[in-house]
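Remarks on the structure that follows.
Read the figures in this text as sums done on the coordinates, not as results from a lab. Bear in mind that the values here come from a model prediction, so they are computed numbers and not experimental data. Cβ sites come from the backbone with ideal geometry, for glycine too, and all protein chains shown count toward neighbours.
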Amino acid sequence: MSQRDRVFISYSHQDRKWLDKLQTTLKPLVRSETVNVWADTALKAGTKWRDEIEKALASAGVAVLLVSPNFLASDFIVERELPALLEAAERDGATILWAAVSACLFEETELAKYQAMNDPARPLDTLKASDLNKEMVNLARQIKAAVVQAAQRQSQS
């Protein structure tokens, strides 16, 4: 089994504000090196972006999916990222965590097999600011717990 010690965040570029909110909430965990987060915003000019995404997918022990209609409509996500992440979950025990950003037809996808981190009936975009902040902290705590579990699995194998 390959070393899977990274949190891979998958999102639609049209939902970039939700990535930014999550990364802001996760910052104390990143700073303390409790979690190692990767999103495509880490790509630098001149890099072979598909190769870098493939490497990041291969090192993901935890996948965080920010699910919305935009996410489900993305051919790149559905054809490239999701299959690799779902296979890693089946083959290597990677953890799939997803958050309902907006109401969408997630139940028509493979994601329906996985428990969401938040209540899909109350997606993030329906929450008022104070409730949204609490929910983002809740998501960050679930991500941290998944990272700790993934590290324990890695050390036992």
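Numerical summary
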item	result
Reach of LYS128 by Cα under 16 Å, taken over lysines that are not fewer than 8 positions away in the same chain	LYS17, LYS21
Two-site label geometry, GLN115 and ALA45: point separation in nm, points 7 Å out along Cα→Cβ	4.6 nm
Loop-exposed trypsin sites (Lys or Arg not before Pro) per DSSP, neighbour cap 14 Cβ within 10 angstrom, longest uninterrupted part of the chain	49-127
Cβ-Cβ FRET estimate between GLN23 and PHE76, R0 fixed at 22 Å, reported to 0.05	0.65
Straight-distance crosslink candidates among lysines, where the alpha carbon sits under 18 Å from LYS44 and sequence neighbours closer than 8 are dropped	LYS55
Hits among aspartates and glutamates - C-alpha to C-alpha of LYS113 under 16 Å, sequence gap 8 or more where chains match	GLU87, GLU90
Table column - 3J(HN,Hα) (Hz), the stretch 116-127, Karplus curve with 6.51, -1.76, 1.60, x for Gly and Pro	6, 6, 10, 6, x, 6, 10, x, 3, 6, 9, 8
14 Å beta-carbon shell around LEU26, net charge (K/R +1, D/E -1)	+3
GluC sites (Glu not before Pro) restricted to DSSP loop in the stretch 1-88 with at most 14 other C-beta within 10 Å	GLU33
